[in-house]
Structure formats: C-alpha cells, structure tokens
Amino acid sequence: MKMKRLTAIILMLALVLTFTACGKDYSDSPYVGSWTGTEAEYSGMTLSVAELFNGFDLTLNPNGKATVTTDGETRSGKWEPTDNGVMLDGEMELIASGDYLTYETDGVTIKFEKQ
C-alpha cells in the first residue's frame, strides 16, 4: 500500500513539474531586452519623452513576462511577439519599425529604443 501511494505521489509530482516547465521561451526574439521611450509625436510636434514623463521604460523578458515603468510606477504583465511587433497583455500593441518599437494611443505616438 505504501509503495502504491509513493508511486502515485511521484507520478503526480512529475506531471506538475512537466506542466509548470512548459513556459514560454522567447529568448531568440529580437524584442527581448530593455526599451526606453525616447520620442513622442502629437499633431506634427515631436517632443522628448523625458519632457512628458519621468521615464517610460519597457522590459521584455524571455519567459514572456514584461514590466512597464512610467513616472516611477511599475506594472507587470505578459508579452508575446506578433507579426508586426509585440503585444502586451493582449491589448497594447507596439509596432516594430526599424530599430524602434512604436506605440500609438489617442493620436500620440511614442517611440521606444532598445538599450
């Protein structure tokens, strides 16, 4: 009886470890790394992001996790590569354009440069 119970526990542990090890791996993605907001454009005017925010940074980790820091406040989420760039939490799309990622919202386009 003890042997059956031990075998069942080992089998359950193996299954749990198998499922938890199946995380995302984007380590080969060109988007993995730290990105900093450098420019913001609105109605034909271009401003430094530093003039608008006290920092606007994005970190994309190889495991699919992301952090966004704006004005010293950090939020965590998930990201995944798309055909056009990157999607954050299924709602914030950043478009790849040359060496930059751009995010557009309410007529404002923010350009992120990889560090």
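Rule-based calculations on the coordinates, nothing more; no lab input. Since we're looking at a predicted model, the values are computed, not measured. Glycine also receives a Cβ, built like all others from the backbone with ideal geometry; neighbour counts cover every protein chain displayed.
Of all residues in the range 74-89, those being in contact (Cβ under 8 Å) with a residue 12 or more places away in the chain and not charged (D, E, K, R) number 7.
Residues that are more than 17 Å from S29 (Cβ to Cβ), loosely packed, with under 14 Cβ neighbours inside 10 Å and among the β-branched types (V, I, T) within the range 75-115 comprise T105, V108, listed in sequence order.
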